[in-house]
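Every number in this text was worked out from the coordinates using simple rules, so none of it is lab data. Keep in mind that this is a model prediction, so the values were computed, not measured. Note that each Cβ is placed from the backbone with ideal geometry, even for glycine, and that neighbours are counted across all protein chains shown.
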Amino acid sequence: MSGLARKNVSKIMPYIAGKPIEETKRELGLEKVIKLASNENPLGPSPLAKAAIIKCVNQINRYPDSQSFYLREKLAASLGLNRECLVLGNGSDELIDVIIKAFVEPDEFILTAQTTFLEYEIIAQVFGRRIKKVPLKNFKYDLKAMAKCVTDKCKLIFIANPNNPTGTYVNKDEVREFLRGLPDSAVVVFDEAYDTFIDVKDYPDTLKYLKDKNVIILKTFSKGYGLAGLRIGYAIAKPEIAKYMQRVRQPFNINIMAQAAALAALDDKNFLNHSRKVVLEGKKFLYREISRLGLKYVPSAANFILVDLAGDGLKVFKALLKSGVIVRDMDQYGLKNFIRVTVGTESENKLFIKALSKIIK
């Protein structure tokens with residue numbers, strides 16, 4: 001029925017998530033399926049987080065702490081910041097929603113890259129806000145080109161660092177130069193969902209810009225701590241920016257179990273370090289094997305790899321699915337010759353390479 005929804009809503013292309021394991025088993029009649037599609041932690045959740053969830057389960061008849069006081073206190077202490085600098089969200093997705101809702105007027109626009117996290121554009125469309133996208137350069141954000149697009153009507157700039165789906169990153173010199181020339185009216189959002197897996201020396205320390213620049217830093221418990229199913233992320237900003245986000249977020253957006261799990265996970269350094277080690281070692285294996293198969297890939301600073309198949313990526317995606325391996329096709333990103341694969345456990349990585357090898361031969 002046309003005419004019911006707002007005009008901009010009818011034009012939105014919904015986000016397509018990675019296929020779930022159980023759905024794939026049911027659809028294709030498979031007994032064993034591995035998922036390397038959604039950049040999840042292959043080791044499962046933090047053990048300390050699991051114990052905390054079990055301990056608090058009898059409290060779920062109560063509403064959660066609307067301010068997430070203890071979690072914000074602990075996060076603030078770990079970052080050397082004031083609690084008022086932190087805003088929690090039902091995943092980074094909700095925080096992106098909150099940021100656009102809080103800051104972008106109807107006559108202003110949002111700036112980001114052409115091939116990046118799809119939710120920036122989707123949420124902008126929900127609110128009927130204009131978005132300008134600058135093409136990547138060598139698969140990474142072109143900050144010099146983006147700087148030329150900034151006007152007094154540019155309110156928000158989203159920079160995914162590392163970028164999803166390419167895995168590339170912008171370095172500290174590029175960030176410093178970009179921020180130097182920005183007007184005070186613009187707010188820069190650094191989406192650092194994958195910073196757990198960074199293994200480079202020139203990655204920017206964006207926290208140092210909090211005081212003098214209008215920046216918001218997004219981080220998540222989904223990747224390193226393995227809490228993707230609980231949907232919990234957080235934004236870091238100076239208090240005068242954070243207070244506006246607090247005004248527009250929903251009051252009980254972080255449930256009791258998510259707060260308890262995240263609070264406990266912050267103490268689970270062993271799990272975090274092990275997760276990082278598994279990803280870094282797995283990435284080396286996948287690089288070597290992808291090259292052995294005669295394929296190219298984009299070197300990644302995250303826990304996934306963009307693989308250039310030099311052919312129909314969707315066809316390979318479907319063939320891998322029939323083999324019980326879920327990866328991510330890149331059609332929605334406009335990268336039709338590529339697939340994106342999450343770094344899994346040693347056995348999962350080997351299964352992926354074995355299946356891919358059979359398909360491309």
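Ala76 versus Leu30, label points 7 Å from Cα toward the beta carbon: distance in nm?
4.7 nm
Taking the Cα centroid of the stretch 95-124 and of the stretch 27-94, what is the distance between the two, rounded to the nearest whole Å?
24 Å
Starting from the Kirkwood radius over alpha-carbon pairs of the chain, derive D by Stokes-Einstein at 37 °C in a medium of 0.692 mPa s and give it in µm² s⁻¹.
On the way: Rh = 21.4 Å.
D, rounded to a whole number, is 153 µm²/s.
Using amide H atoms built 1.01 Å from N in the peptide plane, name the residues 5+ places from Phe304, or on other chains, whose amide H lies under 5 Å from its own.
Those qualifying (amide H under 5 Å, at least 5 residues apart or on another chain) are Val343.
Do the sum for the chain: with -39,500 (n - 2.57) for every DSSP H run of n ≥ 4, divided by all residues, what is the mean residue ellipticity at 222 nm, to the nearest 500 deg cm²/dmol?
Numbers: 13 runs with 137 residues, N = 361.
Calculated from helices alone, the mean residue ellipticity at 222 nm is -11500 deg cm²/dmol.
Under 5 Å between amide H atoms, partner at least 5 residues away or on a different chain: which partners does Lys296 have, H built in plane at 1.01 Å?
So Lys296 has HN proximity to Asp308.
Go through the stretch 71-150 and name the trypsin sites (Lys or Arg not before Pro) that are in a DSSP coil and have 16 or fewer other Cβ atoms within 10 Å of their Cβ. Mind dumping the intermediate values first?
Values: sites: Arg72, Lys74, Arg83, Lys101, Arg129, Arg130, Lys132, Lys133, Lys137, Lys140, Lys144, Lys148; in loops: Arg129, Lys148.
Qualifying residues, ordered by number: Lys148.
What's the exposure ranking of Tyr225, Tyr15, going from fewest to most Cβ atoms within 10 Å? Walk me through the numbers before you get to the answer.
Working: Tyr225 25, Tyr15 13.
Arranged by neighbour count, lowest to highest, Tyr225, Tyr15 become Tyr15, Tyr225.
What nm value, rounded to one decimal, do you get for the distance between Lys144 and Asp312 when each label is placed 7 Å out toward the C-beta?
Inter-label distance under the simple model: 3.9 nm.
With just the Cα atoms defining each centre, how far is the stretch 187-212 from the stretch 299-325? Give it in Å.
Taking the Cα centre of each part, the stretch 187-212 and the stretch 299-325 sit 28 Å apart.
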